[in-house]
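The values are calculated or read from the model by the stated rules, or taken from the named source; none is laboratory data. Source: prediction; values computed, not measured. Cβ coordinates were reconstructed from backbone atoms using ideal geometry, including for glycine residues, and neighbour counts include every protein chain displayed.
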Amino acid sequence: MNNDQYISKLKKALAGLDRAERDEVIMEIQSDAAESDKDLFERFGSPSELAENYLEGEALRATVQDKVTSTGKKIFLWMGVGLTALIGATIFSFWQLSGDDFDYSNELAEELNVDDSDWSSMEWDSPVNIEVSQGAAVFYWHKEARIHWNCRGSFYLRKTQKQQKIRHTQCLVFLPMQDTTLAVKQGSIVIVRPQTSLNLSVEQGSLRIAENGEQYRYKLSEESSHIGGLNSQENANITLSIRAIEGSVEAYEYR
Amino acid sequence: METTNYQKWSSQLRKGYLELCVLTILSNKDSSYGLEILQLLEQSGVSVNEGTLYPLLNRMFKNGWLESHWKTPTEGGHPRRFYQLGGEGESMLPLMLETYADNQESIALLKEL
């Protein structure tokens, strides 16, 4: 089959594309055909195979468009999104109502033994940025250049990620003394005697702070939130900058 | 049978991977055309035939990941279809690179289990 025959067969096989697109495909192949001494069959495969590859994308696009544009399918999609959010919120609410597993402010609690096999660990000597979303976490600090964590569900630290995410699970975490940003969205976090200044963001969630005798300067910005039980000391070395939107920020009490 | 199954798996894996490779190439160039992209892929050890690449480029163009324009070389000859990153491709690329790196890390972790 020479190249002209190839192009002729390809045009017929691409009848499923609209004319403008087909013409452009043919023109592109003819253009690059001139740059190589190999024939088109050798370079592109049979005309029907090549056309199939072009049309495969077309079939997939049409299928996706059908699903997305039909009203019934759209409703189903949003129901799925809503159900997932409801499940996440339910898990989180149940955890909240069921109380703390132990007194998180007790830094000597046996649950905090990081040598236990339930704990994972990774070297970490850079700023920390963690978001807790529809989950819960308790954060402690230590002098090691490592992060230790013990989670009920899945959680993996990834150094390639700017922000680590704790989602749909509950974790105990030890953090190094690095610049730290913690965000909670529809979840709950407890911070226990932080040893470094923090940037904290609470959105439709709760933040409880166990000062354990340490002094902190609080910089608060809140909107439709409950703030209570915090004792800001202007001379404190450690600043906790907290932004709360429809959230709750209060002193920790074991419940 | 084993070879066929492997080829099927490999084919699935390559589809997303090739898209990432193309976006990465075009992130480093103002624009490029099919044959040049093919050569750059081969130089980087990514073996792909034109019957796969050209439909892929067309698909990425239709999805808005790439934009294209026709340019006739100054030295004469047939006009070439050049591709450059589209808006969708520009926003997808960093996410795809991050996901790819995450997947590599996951495999490394799984191998240690």
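Against the numbered list (1) more than 9 Å from chain A (Cβ to nearest Cβ); (2) assigned to a helix (DSSP H, G or I); (3) surrounded by fewer than 14 Cβ atoms within 10 Å (Cβ to Cβ); (4) not charged (D, E, K, R), B:Q104 comes up short only at (1). All conditions in (1) of a type outside the set (A, V, I, L, M); (2) closer than 19 Å to A:Q170 by Cβ; (3) surrounded by 14 or more Cβ atoms within 10 Å (Cβ to Cβ) hold for A:N129, with the sole exception of (2). Applying the criterion of being among the β-branched types (V, I, T) and modelled with pLDDT under 90 to the residues of region A:135-175, the residue that is surrounded by the most Cβ atoms within 10 Å (Cβ to Cβ) is A:T169.
Which of the residues belonging to region A:34-47 are part of a helix (DSSP H, G or I) and either at pLDDT 90 or above or crowded, with 18+ Cβ neighbours inside 10 Å (or both)? Matches in region A:34-47: A:L40, A:F41, A:R43, A:F44, A:P47.
Can you work out which of the residues in region B:36-50 that are crowded, with 19+ Cβ neighbours inside 10 Å and at the interface with chain A (Cβ under 10 Å from one of its Cβ atoms) is nearest to B:E90 (Cα to Cα)? Restricting to residues being crowded, with 19+ Cβ neighbours inside 10 Å and at the interface with chain A (Cβ under 10 Å from one of its Cβ atoms), the top hit is B:L38. Which numbered condition in (1) more than 10 Å from every other protein chain (Cβ to nearest Cβ); (2) surrounded by 15 or more Cβ atoms within 10 Å (Cβ to Cβ); (3) under 18 Å from A:V25 (Cβ atoms) is the only one that B:L53 fails? In the conditions (1) more than 10 Å from every other protein chain (Cβ to nearest Cβ); (2) surrounded by 15 or more Cβ atoms within 10 Å (Cβ to Cβ); (3) under 18 Å from A:V25 (Cβ atoms), B:L53 misses (1) alone.
Of all residues in region B:64-97, those being over 16 Å from A:E28 (Cα atoms), facing chain A (nearest Cβ under 10 Å) and surrounded by 16 or more Cβ atoms within 10 Å (Cβ to Cβ) number 0. Close Cβ contacts (under 7 Å, 6 or more residues apart or on different chains) running from residues in region B:72-91 that are touching a residue at least 12 places away in the same chain (Cβ under 8 Å) to residues that are acidic (D, E) comprise B:R81/A:E28; B:Q84/B:D30; B:Q84/B:E67; B:G86/B:E67.
Determine, yes or no, whether B:V22 is of a type in the set (V, I, T) and at pLDDT below 95. Spelling it out, it is not the case that B:V22 is of a type in the set (V, I, T) and at pLDDT below 95.
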